[in-house]
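Trainee: Supplied in structure tokens, the structure appears directly below.
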Amino acid sequence: NLQLNHTDSDNEVFQLAPTIKKFFELGNILENESETVIEGSKKLANCEKGDGVKGDIMKVYYMIGSEDIQGDFQSIDIDLKKPSQYGFTFLTLFTSVQTDFQQLEDKFRSAPYKLDLKRPKVEGDAQCKVFKGKSSAKFYTGFVPLLKGYNGENGLIRRMTVYQCDPASSDLAEEFTGDTLDCDDDDYLPYSFCKSILFIWTPGSRGEMMKEETGLKALVNEKRKHYILLQVIYNAGTGFLTDDSGMELFYTRKEMEPAGKMIVGHRPSNKLIIMPQADGWRTTGLCSSQCLDSSGVDMMNISSVSLHAGDMAGDMRLIAVQ
């Protein structure tokens, strides 16, 4: 039995050490030339103290290597800043998470939208670029992230968001196409008229696929043109890494059942902090009846939920109240 200890929170270093505590019941062990599979189980209840489950998202750490670990080791350091040796992924116990996007590639056209190659500021950064959407895009049906190297796993990118721009401001949006610019610059105007959310990516996500026969309608002007804004938010980093990440957007010219997106709750920012000696911080958002009435729909079917708090979020819960 092994125990994972957090030894250096600033540098994302963990220590794996033997323990007498029994965490799970060991089942089958299967091994071939390329991999070893260990099956085990542990009964979990959400009312237990200590080992109880607070949500259904579990973070799983792994090591990559060709040699077995010696049985008498004292401890092993897991350094997440060495992505060729260590890493992590997320598993869910109850929630259905999209991992297979082959249908998007098989059924729909796509176009890449990426930043120009930049070196994010060491203290953190936000870069934006406006694009003219494809003229044949009538509805958007999903996306997959386009990540440079390990930048989706090493903590550099906090979040990527794609917005649609107000068709009434198309002429102004056209002026900002072609260049990657600082989102936080006082003279950067697209923030004021590109507000309709298409898609959000945060670390751990492999993309999103809209429910079958539904899509997000392209906001076109009278000339059938539309514009989108790509925003990439960076955490503080080393100052040495470069990035030109973005998203591949899938679209169709066919008629689809229109879907929509809204952000409920606090927007992620550096003002959302965990107070000293606190285990966590919960944010709550409420979409009231007035909010739904203003959307102009009589009935709302919730088909998917996106976590937009980055890798700091450990749990998410959606409650629908009649």
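The values are calculated or read from the model by the stated rules, or taken from the named source; none is laboratory data. From a predicted model like this one, the values you see are computed outputs, not experimental measurements. Cβ sites come from the backbone with ideal geometry, for glycine too, and all protein chains shown count toward neighbours. Areas reflect the complete protein model, heavy atoms only, side chains present, ligands, DNA and RNA absent. Shrake-Rupley method; radii C 1.70, N 1.55, O 1.52, S 1.80 Å.
Trainee: Return the residues of region 232-252 that are surrounded by fewer than 20 Cβ atoms within 10 Å (Cβ to Cβ) and assigned to a loop (DSSP other than H, G, I, E, B); say none if nothing qualifies.
Mentor: ASN235, ALA236, THR238, GLY239, PHE240, LEU241, THR242, ASP244
Trainee: Still on this model: Do you know which residues across region 135-151 are open to solvent by 10 Å² or more (accessible area, probe 1.4 Å) and small (Gly, Ala, Ser)?
Mentor: SER135, SER136, GLY149
Trainee: Which of the residues belonging to region 205-225 are part of a loop (DSSP other than H, G, I, E, B) and either under 22 Å from the mean Cα position of the chain (by Cα) or crowded, with 22+ Cβ neighbours inside 10 Å (or both)?
Mentor: So the first thing to find is which residues in region 205-225 are part of a loop (DSSP other than H, G, I, E, B), and the list is 205-207, 210-213, 218-225.
The answer is SER205, ARG206, GLY207, MET210, LYS211, GLU212, ALA218.
Trainee: As an exercise: evaluate LYS59 against (1) modelled with pLDDT under 80; (2) of a type in the set (D, E, K, R); (3) within 30 Å of LEU181 (Cα to Cα) and give the number of the one condition it does not meet.
Mentor: Failing condition for LYS59: (3).
Trainee: Does at least one position in region 182-202 carry a residue that is closer than 30 Å to LEU80 by Cα, open to solvent by 40 Å² or more (accessible area, probe 1.4 Å), at pLDDT 90 or above and part of a strand (DSSP E or B)?
Mentor: Yes, region 182-202 contains a residue that is closer than 30 Å to LEU80 by Cα, open to solvent by 40 Å² or more (accessible area, probe 1.4 Å), at pLDDT 90 or above and part of a strand (DSSP E or B).
Trainee: If you don't mind, another one. Specify which of the listed residues (SER9, SER66, SER34) is surrounded by fewer than 11 Cβ atoms within 10 Å (Cβ to Cβ), farther than 21 Å from GLU153 by Cβ and either at pLDDT 75 or above or not hydrophobic (A, V, I, L, M, F, W, C) (or both).
Mentor: SER34
Trainee: Right, here's the next one. Here are some conditions: (1) surrounded by 17 or more Cβ atoms within 10 Å (Cβ to Cβ); (2) assigned to a helix (DSSP H, G or I). ASP106 meets all but one. Which one does it not meet?
Mentor: (1)
Trainee: Given the condition farther than 21 Å from SER245 by Cβ, in contact with a strand residue (DSSP E or B) (Cβ under 8 Å, 6 or more places away or on another chain), surrounded by 14 or more Cβ atoms within 10 Å (Cβ to Cβ) and among the basic types (Lys, Arg), answer yes or no: does some residue in region 111-132 qualify? Walk me through it before giving the result.
Mentor: Here is the first cut: in region 111-132, the residues farther than 21 Å from SER245 by Cβ are none.
Looking for residues that are farther than 21 Å from SER245 by Cβ, in contact with a strand residue (DSSP E or B) (Cβ under 8 Å, 6 or more places away or on another chain), surrounded by 14 or more Cβ atoms within 10 Å (Cβ to Cβ) and among the basic types (Lys, Arg), one finds none in region 111-132, hence no.
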